[in-house]
Amino acid sequence: LYSEVENRGRDKMATFQENWQTNCTSINQRTKYIFNTALLSDVKFIVPVSNGESGVKVIPAHKLVLAIGSPVFYSLFYRQMSDTIDSIELPDCKYDGLLELFRFIYSDQVELTESNVMNVLFVAKKYLVPSLAEKCADFLRENLDASNVFIILAHAQKIKDKDMENRCWEVIDMHTEEALASDHFV
């Protein structure tokens, strides 16, 4: 069952096992099972595709799960007119970032990469999920070097992360020539 749950995000048309709840022995396994599936879904998010591609993708989700993971979603779904909200367009978010935010809310796990960490950090801050934002900041600190310092600096300034911004300036100060020779300097 565990491998089936892990593969479900990749296969949107997966068939659901009858009585799947009995095979999931924890709430974590049950929420992982429904992550990124239409099973019991009551809201869908429409977001631009990541990495400069054109078009949009749809992410099915569950209001209750999102609301217990984020005060922003709680307010959206349970303080406003939640009965009328079943589809939400988020043109300022990217698919890979929002999907990882949801993965974290559903399972306490996140798959960070150099190509998605900025999008994940943006949505973690936007939807007030500080534990995920901290995981992103840790990832950036561990991977910060002269070759990527300018791209990280721009994002740190955009999201007003003074600590990360200061770390970037320290790297630039210590490795000025290498940083200026990087592709991201221009």
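When Rg is the radius of gyration of the Cα atoms in the chain and Rh is its Kirkwood radius, what does Rg/Rh come to?
Result: Rg/Rh = 1.03.
Just the accessible area for Val65, please: 1.4 Å probe, Å², rounded to the nearest 10?
Accessible area of Val65: about 20 Å².
Hey, what's the chain come to in accessible area per residue, 1.4 Å probe, Å²?
Spelled out: the 1.4 Å probe surface of the chain, per residue, equals 58 Å².
Can you compute 3J(HN,Hα) from phi for each residue in segment 67-73, using the Karplus curve 6.51 cos²θ - 1.76 cosθ + 1.60 with θ = phi - 60°, rounded to whole Hz and x for Gly and Pro?
Listing the rounded values in order: 5, 7, x, 8, x, 5, 5 Hz.
If I compute solvent accessible area with a 1.4 Å probe over the protein chains, what percent of it on segment 95-186 is carbon and sulfur?
Answer for segment 95-186: carbon and sulfur cover 51 percent of the accessible area.
Given Trp169, Asn119, Gln157, which one lies farthest toward the positive end of the charge dipole of the chain, if we put +1 on the Cβ of every Lys and Arg and -1 on the Cβ of every Asp and Glu?
It is Asn119, whose Cα lies furthest towards the positive end.
Given R₀ = 25 Å, what would the calculated FRET efficiency be for Lys125 paired with Thr22, taking r from the Cβ atoms and rounding to 0.05?
The formula returns an efficiency of 0.05 here.
In segment 137-185, if every C-alpha pair distance is counted and binned at 10 Å from zero, what percent goes to each bin?
With 10 Å bins starting at 0, P(r) equals 31, 59, 10.
The values are calculated or read from the model by the stated rules, or taken from the named source; none is laboratory data. Remember, it's a predicted structure, so these values are computed and weren't measured experimentally. Every residue, glycine as well, gets a Cβ built from its backbone with ideal geometry; the counts of neighbours run over all protein chains shown. In case anyone asks, the SASA skips ligands and DNA or RNA and just uses the protein heavy atoms, side chains included. Shrake-Rupley method; radii C 1.70, N 1.55, O 1.52, S 1.80 Å.
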